[in-house]
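> Quick one: this structure, given as structure tokens, is what I'll be asking you about.
The values are calculated or read from the model by the stated rules, or taken from the named source; none is laboratory data. Quick caveat: nothing in here was measured; it's all calculated off a predicted structure. Note: ideal-geometry Cβ built from the backbone for every residue, glycine included; neighbour counts use all protein chains shown.
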Ligand SMILES: Cc1cc2nc3c(=O)[nH]c(=O)nc-3n(C[C@H](O)[C@H](O)[C@H](O)COP(=O)(O)OP(=O)(O)OC[C@H]3O[C@@H](n4cnc5c(N)ncnc54)[C@H](O)[C@@H]3O)c2cc1C
């Protein structure tokens, strides 16, 4: 059955959330600026500011909604999470106030799925409580989109794993209590069975953050980079630091990246909606050639295209979220929603690019200044097409899924060849 409505009780919660995010959380983006600020759990001032807000979120039963009941969360499902994340995507601070900030969400998921009881007690519980943050350390300086090229290795010596190698773009490593490191442990296995995940407390001897890499939108201040370039110098962890089984690294990474990608798409909807709201306000405010921008057809075209693309993207995200919920409820066969998630990943980068670009353009010179949030958001355009895998990899996955469903033409001409069909129709 097709149904596009939200249940009224939950809509009530969403209405409260939107008001709360706009009123209480968006100001934090200006009071504590910087892409890393929400993750800096050691900043006493920002923590004191968000604690009462987090308590309010908990009171309303909206804390850490990304985990289902079987994984220790309240279990809202992906459709509700999508509606919530769209609101949270408006602000850098909002996911932290609601206990659903990436990459901690994905790390919490894999700890819940693959962690031992000890690992859950030590890492998952404080992560879920918002007391610590974590880092996923997978990409390497010489290889990103193709994990088969990863070289960072862990060798077993007595009752320890010894990790040696480098990792690149380990986001939030500088704030993290622990790192989840993907390392080659079984080089003798076929490529997808060579790696494992190891949980490494950040203060383990040998963990060296070479530098914190900055991206577009960060300032030149030494404090701004959050993407750790890390060297693991003979880092020793006990054997029980492994998350999952030896050789299961790919499986664990996939479990994490699927959800992560769809959550990013959900939050991106929120940023796009905010940019569209800005476009509408500007078009209704500014005069040129004796009439408001809103009355010029080129401007109307930009607004119409943006709204249409946003609605199409929202439908794709909601269908993906709904499919995951249906699979989990056992109502549809458990075919992984990988292709839909890949579609979201591709479309997210494109829709975000197009809408932010138009929003900047409609604001004229003011749009490119640092006096509006748009320039900062524009900095995210390139990252969205790369983080969690480049667009090309996901497009190839989508295409292959469809090509697999098809077959070659039965004869010399395509099956839609009109003369052939006329002949066959008698
Ligand atoms: C903001 C941000 C945050 C990130 N956070 C993390 C993190 O926390 N932890 C972590 O481990 N990593 C993180 N990454 C790294 C991210 O996962 C990689 O950037 C991504 O996997 C791509 O790898 P790469 O950068 O090495 O690009 P490469 O693999 O070198 O790819 C470069 C380009 O080559 C082309 N290409 C690559 N593969 C193919 C293909 N199969 N077919 C066709 N063309 C292809 C594409 O044009 C692609 O853009 C982050 C990246 C960004 C931008």
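> Search the stretch 21-49 for residues being surrounded by fewer than 16 Cβ atoms within 10 Å (Cβ to Cβ) and touching a residue at least 60 places away in the same chain (Cβ under 8 Å), and hand back the single one that is nearest to residue 270 (Cα to Cα).
22
> Quick check: anything in the stretch 347-361 buried (at least 23 other Cβ atoms within 10 Å of the Cβ) and over 29 Å from residue 292 (Cα atoms)?
yes
> Quick check on residue 198: is it in contact (Cβ under 8 Å) with a residue 24 or more places away in the chain, within 14 Å of the ligand (Cβ to nearest atom) and closer than 27 Å to residue 67 by Cβ? Break it down stepwise before answering.
Numbers: in contact (Cβ under 8 Å) with a residue 24 or more places away in the chain: yes; within 14 Å of the ligand (Cβ to nearest atom): yes; closer than 27 Å to residue 67 by Cβ: yes.
In short, yes.
> Moving to a separate point now. Select, from 283, 275, 255, 321, the only residue that is part of a helix (DSSP H, G or I), in contact (Cβ under 8 Å) with a residue 24 or more places away in the chain and farther than 25 Å from residue 355 by Cβ. Walk me through it before giving the result.
Working: 283 fails: farther than 25 Å from residue 355 by Cβ; 275 fails: farther than 25 Å from residue 355 by Cβ; 321 fails: farther than 25 Å from residue 355 by Cβ.
Result: 255 is the single residue among 283, 275, 255, 321 that is part of a helix (DSSP H, G or I), in contact (Cβ under 8 Å) with a residue 24 or more places away in the chain and farther than 25 Å from residue 355 by Cβ.
> Of 353, 361, which residue is within 16 Å of the ligand (Cβ to nearest atom) and assigned to a helix (DSSP H, G or I)?
353
> Being outside any loop (DSSP other than H, G, I, E, B) and within 17 Å of residue 238 (Cβ to Cβ) is the filter here; which residues of the stretch 165-185 pass it?
The initial filter retains those residues of the stretch 165-185 that are outside any loop (DSSP other than H, G, I, E, B), namely 165-171, 178-184.
Within the stretch 165-185, 178, 179, 180, 181, 183 meet the criteria.
> Select, from 342, 387, the only residue that is within 16 Å of the ligand (Cβ to nearest atom), assigned by TED's automatic domain parsing to the domain that holds residue 269 and outside any helix (DSSP H, G or I).
Values: 342 fails: outside any helix (DSSP H, G or I).
When all the criteria are applied, what remains is 387.
> Right, something else. In the set 416, 392, 371, which member is under 30 Å from residue 29 (Cβ atoms) and out of contact with any helix residue (DSSP H, G or I) (no Cβ under 8 Å at 6 or more places or on another chain)?
Details: 416 fails: under 30 Å from residue 29 (Cβ atoms); 392 fails: under 30 Å from residue 29 (Cβ atoms).
The unique qualifying residue is 371.
> Please go through the stretch 71-80 and give me each residue that is touching a helix residue (DSSP H, G or I) at 6+ places or on another chain (Cβ under 8 Å), closer than 24 Å to residue 114 by Cβ and surrounded by fewer than 24 Cβ atoms within 10 Å (Cβ to Cβ), ordered by number. Don't jump to the end; show me each part of the working.
Residues of the stretch 71-80 that are touching a helix residue (DSSP H, G or I) at 6+ places or on another chain (Cβ under 8 Å), as a first pass: 71-73, 75-80.
From what's left, closer than 24 Å to residue 114 by Cβ: 71-73, 75-78.
Correct list: 71, 72, 73, 75, 76, 77.
> Here is a further query. Can you tell which of 88, 18 is within 20 Å of residue 257 (Cα to Cα) and either surrounded by fewer than 14 Cβ atoms within 10 Å (Cβ to Cβ) or at pLDDT 95 or above (or both)?
Sole residue among the options that is within 20 Å of residue 257 (Cα to Cα) and either surrounded by fewer than 14 Cβ atoms within 10 Å (Cβ to Cβ) or at pLDDT 95 or above (or both): 88.
> As an exercise: evaluate residue 95 against (1) at pLDDT 95 or above; (2) farther than 16 Å from residue 41 by Cα; (3) part of a helix (DSSP H, G or I) and give the number of the one condition it does not meet.
Looking at each condition in turn, residue 95 falls short on (2).
> While we're here: Filter the stretch 390-408 down to residues that are near the ligand (Cβ under 7 Å from one of its atoms) and more than 23 Å from residue 271 (Cα to Cα) and give me whichever is surrounded by the most Cβ atoms within 10 Å (Cβ to Cβ).
Here the answer is 393.
Residue by residue, here is whether (1) touching a helix residue (DSSP H, G or I) at 6+ places or on another chain (Cβ under 9 Å); (2) outside the structural domain of residue 111 (by TED's automatic domain parsing); (3) buried (at least 19 other Cβ atoms within 10 Å of the Cβ); (4) in a strand (DSSP E or B) holds:
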{"residue": "187", "(1), (2), (3), (4)": "no, yes, no, no"}
{"residue": "197", "(1), (2), (3), (4)": "yes, yes, yes, yes"}
{"residue": "211", "(1), (2), (3), (4)": "no, yes, no, yes"}
{"residue": "216", "(1), (2), (3), (4)": "yes, yes, no, no"}
{"residue": "223", "(1), (2), (3), (4)": "no, yes, no, no"}
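> Tell me the residue from 326, 311, 371, 416 that is surrounded by fewer than 17 Cβ atoms within 10 Å (Cβ to Cβ) and either part of a helix (DSSP H, G or I) or touching a residue at least 60 places away in the same chain (Cβ under 8 Å) (or both), please.
On the way: 326 fails: surrounded by fewer than 17 Cβ atoms within 10 Å (Cβ to Cβ); 371 fails: either part of a helix (DSSP H, G or I) or touching a residue at least 60 places away in the same chain (Cβ under 8 Å) (or both); 416 fails: either part of a helix (DSSP H, G or I) or touching a residue at least 60 places away in the same chain (Cβ under 8 Å) (or both).
Testing whether each residue is surrounded by fewer than 17 Cβ atoms within 10 Å (Cβ to Cβ) and either part of a helix (DSSP H, G or I) or touching a residue at least 60 places away in the same chain (Cβ under 8 Å) (or both) leaves just 311.
> Here's a check for you: in the stretch 126-149, which residue that is near the ligand (Cβ under 10 Å from one of its atoms) and in a loop (DSSP other than H, G, I, E, B) is nearest to residue 105 (Cα to Cα)?
Selected residue: 138.
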